[in-house]
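The values are calculated or read from the model by the stated rules, or taken from the named source; none is laboratory data. What you see is a predicted model, and the numbers here were worked out from it, not measured in a lab. Cβ placement follows ideal geometry from the backbone for every residue including glycine, while neighbour counts extend to all protein chains displayed. SASA here: full protein model, heavy atoms, side chains in, ligands and nucleic acids out. Shrake-Rupley method; radii C 1.70, N 1.55, O 1.52, S 1.80 Å.
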Amino acid sequence: LAKTTQPISMDSYEGQEVNITCSHNNIATNDYITWYQQFPSQGPRFIIQGYKTKVTNEVASLFIPADRKSSTLSLPRVSLSDTAVYYCLVARDTGRRALTFGSGTRLQVQP
Amino acid sequence: DAMVIQNPRYQVTQFGKPVTLSCSQTLNHNVMYWYQQKSSQAPKLLFHYYDKDFNNEADTPDNFQSRRPNTSFCFLDIRSPGLGDAAMYLCATSRGLRRQPGSPITYEQYFGPGTRLTVT
């Protein structure tokens, strides 16, 4: 599976837009990009997934350039409750759908 | 609400004393996963079941076993816990792996709250 690289940590303030970029240079044709959020002492929670271009849901947007070697998770107008670890994953449709978590980005939102 | 339940939330066991963690789900999902997450690290997949088919990750120690008696329940057995096995153990579920023609692929897994295991 493609290795992912993302910033270890980020700081933001309430009301700001936060963009977390992940690089996955070795992404393969059949790979999907998925993002999960994890709060302390809780299991990860699925945020969004995409294959190319832009995907938006009620929580976030995911931007994927044409070469798919990176992706950017965009969180609009963050609040204190968005403080969490955000994991970028590249998932391959081999039939197993197993996920390999990278190191994650710890986002700290301050008032 | 449909959900993934893990019991107990906190488990203390002694070095070398077998321990079993349990997971149940009301989502009726085909696939159940067990992850190990150590402090400040990312979750690491130990194994998963697709229905009754067991799939072990290559680097999962033999000390870890799993049972899935039915669709709803899955157990993680640690035969002889060591101090290095202290971690959060996460159970997750997802819909069937086999892609249906015309249906979208989803990598959404539903995680339980985890069981924090302490080994003394």
Accessible area (Å², 1.4 Å probe, nearest 10) - B:His29
10
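What does the charge count around A:Gly43 come to, taking other residues whose C-beta lies under 14 Å from its C-beta (Lys +1, Arg +1, Asp -1, Glu -1)?
Taking every other residue near A:Gly43 into account, the sum is +3.
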Charge dipole magnitude, Cβ of K and R +1, D and E -1 - the protein assembly as shown, Cα centre, debye nearest 20
360
Please average, across the residues of B:30-41, the number of beta carbons from any other chain that are within 10 Å of each residue's own beta carbon, and give a whole number.
2
For chain B, with +1 on Lys and Arg beta carbons and -1 on Asp and Glu, the positive-most of B:Gln14, B:Leu90, B:Leu45 along the dipole:
B:Gln14
May I ask you to derive the relative contact order of region B:41-99, considering only C-alpha pairs under 8 Å and at least 6 residues apart, and to give it as an integer percent?
24
Among the trypsin sites (Lys or Arg not before Pro) in region B:13-120, which ones are in a DSSP loop with at most 15 other Cβ atoms within 10 Å of the Cβ? Mind listing them?
B:Lys38, B:Lys52, B:Arg79, B:Arg98, B:Arg99
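Evaluate Rg over Rh across the protein assembly as shown, taking Cα atoms for both radii and Kirkwood's formula for Rh. Please list the in-between numbers first.
Working: Rg = 17.9 Å, Rh = 18.4 Å.
Reported Rg/Rh, Kirkwood definition of Rh: 0.97.
Among residues other than B:Asp85 whose Cβ falls under 13 Å from its Cβ, what is the net charge (Lys/Arg +1, Asp/Glu -1)? Write out the running numbers ahead of the final one.
Working: positive: B:Lys17, B:Lys38, B:Lys44, B:Arg79, B:Arg116; negative: B:Asp62, B:Asp77.
So the surrounding residues net to +3.
Which longest uninterrupted range of chain A lacks any trypsin sites (Lys or Arg not before Pro) assigned by DSSP to a loop state (not H, G, I, E or B) and surrounded by at most 12 other Cβ atoms within 10 Å? Write out the running numbers ahead of the final one.
Details: sites that count: A:Lys3, A:Arg77.
It runs A:4-76.
With a sphere of radius 13 Å drawn around the Cβ of B:Phe75, what net charge do the other residues whose Cβ falls strictly inside it have (Lys, Arg +1; Asp, Glu -1)?
Numbers: positive: B:Arg67, B:Arg68, B:Arg79; negative: B:Asp77.
My count for the surroundings of B:Phe75 gives +2.
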Once you've got the GNM for chain A with C-alpha springs shorter than 10 Å, pick whichever of A:Tyr32, A:Tyr87, A:Tyr13 has the biggest mean-square fluctuation.
A:Tyr13
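Share of chain A's accessible area from carbon and sulfur, percent, 1.4 Å? Each step should come with its number before you reach the end.
On the way: 2690 of 5480 Å².
Using a 1.4 Å probe with all protein chains present, chain A comes out at 49 percent carbon and sulfur.
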Which of A:Lys3/B:Lys17; B:Lys17/B:Lys44; A:Lys52/B:Lys38 exceed 28 Å between C-alpha atoms? The answer is A:Lys3/B:Lys17; A:Lys52/B:Lys38
